[in-house]
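The values are calculated or read from the model by the stated rules, or taken from the named source; none is laboratory data. Here the structure is a predicted model, which is why all the values come from computation and not from measurement. Using ideal geometry, Cβ is built from the backbone for each residue, glycine included, and neighbour counts are taken over all protein chains shown.
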């Protein structure tokens, strides 16, 4: 889309207007400009614990900018077109990476792959390659884990489900015992639902971007069979409300992001809630990796300094600090750091879940996948319509939209 000079200037100023400089470093040194979408507590740790050691070592300053994930692509594209790139390094949500590559906005990192230590899981690196080129570094992974109530799942009356068959049987038993479902999936018909549909399809050997392959049919057939035994709160369950439902014991079993442990256990003091990785489908276990990756802008004048920061951010020292201070899952197997005792079991579940993790496919048009996955969930799982016929219809429409975007 074309931009007027005024719009371009406005976007450029918007991108830099919310920034701040760390007080450390040397006044005469370079200034490294970084953008991310973080909460204030996260920025506080960056300012106080992450940036200062790097600034002292490199005799530089870091200028950080908070740009919401939904706005980053547009701002970077405008600066790139105007040849006025004011950002050097980006922490990007991994949900929408393909446009940065297709529009040639980020640096090809292939020849710098040695900056990634052997302790970084290959499963976090391989999906960051586009057309045979490494375009991003792993930064902060995120993955859902399965929370369960240990008063219920005590290993005797009920055992945590390790397979789809066990999950269905447990859901049936709990509903019979409590006269209401006590297991939930995220059924809010938005990105929350797409995440869990992606995991079910992948665990059945399917591809969510195809949507009507054998694995997708198996996944939706299973979800349709499971749904009558789920909690009615599934329609409200998302990344936020699931923590509330688990804390109030409305739910006994549900998958959600690791941040839930802070709310459920630390804030709500529900020490009887624990977690494990996930259950296995016909093709094994599968989780979806969320979080942020590191990119270096193609027109950055400080690429060398940005590469040094990327290496520093991936280091054991920094990853350990982020685990300790923020509870972020690390990209490295040697960076669990000083995790409080109450968190250790959760981090074991996180690292186990990452082992079976998959990134979302690097395609243009993920929003179309999101739309049709949710339409299929509504029609098939909630309303009981034909699995194959419904998937065939939505798969055809999805492929038409994806083809149009190429």
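Among 353, 306, 310, which is the only one that is in a helix (DSSP H, G or I), in contact with a strand residue (DSSP E or B) (Cβ under 9 Å, 6 or more places away or on another chain) and not assigned by TED's automatic domain parsing to the domain that holds residue 94?
353
Would you mind stating whether residue 104 is part of a loop (DSSP other than H, G, I, E, B), within 23 Å of residue 362 (Cα to Cα) and at pLDDT 90 or above?
Yes: the conditions hold for residue 104.
Restrict the check to segment 319-332 and report whether at least one residue is at pLDDT below 95, assigned by TED's automatic domain parsing to the domain that holds residue 127 and surrounded by fewer than 17 Cβ atoms within 10 Å (Cβ to Cβ).
No, segment 319-332 contains no residue that is at pLDDT below 95, assigned by TED's automatic domain parsing to the domain that holds residue 127 and surrounded by fewer than 17 Cβ atoms within 10 Å (Cβ to Cβ).
Identify the residue in segment 27-50 that is out of contact with any helix residue (DSSP H, G or I) (no Cβ under 6 Å at 6 or more places or on another chain) and in a loop (DSSP other than H, G, I, E, B) and, among all such residues, is modelled with the highest pLDDT.
Here the residue is 38.
Every residue in segment 111-148 that is touching a strand residue (DSSP E or B) at 6+ places or on another chain (Cβ under 7 Å), crowded, with 19+ Cβ neighbours inside 10 Å and more than 22 Å from residue 336 (Cα to Cα), please.
Correct list: 128, 135, 136, 148.
Do you know which of the residues in segment 51-68 that are in a loop (DSSP other than H, G, I, E, B) and within 24 Å of residue 94 (Cα to Cα) is modelled with the lowest pLDDT?
It comes out as 68.
Among the residues of segment 214-256, write down those that are in contact with a strand residue (DSSP E or B) (Cβ under 8 Å, 6 or more places away or on another chain), modelled with pLDDT of 95 or more and under 26 Å from residue 41 (Cα atoms).
237, 242, 243, 245, 246, 247, 255, 256
Quick test of your reading of the structure: residue 400 fulfils all but one of (1) surrounded by fewer than 16 Cβ atoms within 10 Å (Cβ to Cβ); (2) part of a helix (DSSP H, G or I); (3) assigned by TED's automatic domain parsing to the domain that holds residue 42. Name the failing condition by number.
Looking at each condition in turn, residue 400 falls short on (3).
Would segment 166-185 turn up any residue that is modelled with pLDDT under 95, over 20 Å from residue 241 (Cα atoms) and buried (at least 20 other Cβ atoms within 10 Å of the Cβ)?
No, the conditions are met nowhere in segment 166-185.
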